[in-house]
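For reference, the structure is listed below as structure tokens.
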């Protein structure tokens, strides 16, 4: 029997509790219905320990959408702070900030985005080799 994986909604609640315990603020953007929000906008905007940042909450088995990745990376490229992941990812990032390492916090957020993007994007299959796709023209 496999390990229990929290749903994205459960992760959102856990992340929010973490920020609130540290005296921070939570701004929620996630919607369970169609909205006119910008495609890919992050679930949360957290303000904690004198820093504000976007955070796309994910279940451990979740993936970013391409739109979420574009949003996060464009925020980072413009000098804003943005990260993604589970409650554990949030705790690791905020822990560097709580330890007084603001540059480490920024680097941690950037690394989170790239690590989650490396899992592939939701709704897209990993590129298969020609051989596994049944194209054996070059196989001898």
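Here, each number is a calculation from the coordinates, and none is a lab measurement. Since the model is a prediction, treat every value here as computed from it, not as a measurement. Cβ: placed from backbone, ideal geometry, glycine included. Neighbour counts: every protein chain shown.
Here 4, 46, 69 are placed in order of increasing Cβ neighbour count within 10 Å, fewest first, which gives 4, 69, 46.
Within the range 99-125, which residues have the backbone N less than 20 Å from the label spot 7 Å out from residue 3 along Cα→beta-carbon, could you tell me? Correct set: 112-113, 115-120. For the pair residue 101 and residue 61, a Förster radius of 30 Å applied to the C-beta separation gives a FRET efficiency near 0.50, rounded to the nearest 0.05.
Percent antiparallel among DSSP beta bridges with both residues in the range 8-117, to the nearest 5?
Here the share of antiparallel DSSP bridges comes out near 70 percent.
The mean sequence distance of close C-alpha pairs (under 8 Å, at least 6 residues apart), as a share of the length of the range 8-117, puts its relative contact order at 24 percent. Using a 7 Å offset from Cα along Cα-Cβ at residue 114, what residues in the range 48-73 end up with backbone N under 18 Å from the label point? Only 64, 69-73 pass the distance filter.
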